[in-house]
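One structure is given below, encoded as structure tokens.
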């Protein structure tokens, strides 16, 4: 999959008109799957750069490289609260279709590399932060759907939903226990 994404990106960039840009914004992330009833959304940020390569007048391919804060908040019994704080380096490759003027819809796959995973917890008389990177898989796969608007000035706005398609848990004894990253993002960007 990685080679396919990289090959497609190189092919498109070699035979299309490409523009470069930056984008960032807010992530509203959670973890889906088994045993997630006590999990709530965690707010974080994402920042990165992209290349938009126009294939046709209304269609382009946009590979991106994004630093992304993900995870979830949790609440246990007896006032025990905390957050799973995950940071990823994500590589989405979006297919963008301009449906009118600057309005576009987008979809595409994403691969992510886990940079860090922490469990930040607090309760009456006890608080701390544990490194849980060994419990989370290094590689994550997701699908993305979104929409946005590209202004003539270069400014662009967008919303995107990233739904995990791979189990992020890395426990050897829980083969039937599965969790995924799910992230709703609001973005502002600028295309040069």
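The values are calculated or read from the model by the stated rules, or taken from the named source; none is laboratory data. Here the structure is a predicted model, which means the values were calculated and not measured. Backbone-built Cβ (ideal geometry, glycine too); neighbour counts: all protein chains shown.
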(request) Filter the strands (runs of 3 or more DSSP E) completely within the range 90-192 down to those with at least 2 residues that are free of Cβ contacts under 8 Å to residues at least 40 places away in the same chain. (result) 103-123, 126-131, 139-150, 155-164
(request) Restricting attention to the range 111-129, report how many residues are exposed (fewer than 15 other Cβ atoms within 10 Å of the Cβ) and modelled with pLDDT of 95 or more. (result) 3
(request) Answer with yes or no whether residue 115 is within 21 Å of residue 61 (Cβ to Cβ) and out of contact with any helix residue (DSSP H, G or I) (no Cβ under 6 Å at 6 or more places or on another chain). (result) no
(message) Given the criteria in contact with a strand residue (DSSP E or B) (Cβ under 8 Å, 6 or more places away or on another chain) and either exposed (fewer than 14 other Cβ atoms within 10 Å of the Cβ) or free of Cβ contacts under 8 Å to residues at least 60 places away in the same chain (or both), does residue 82 qualify?
(response) yes
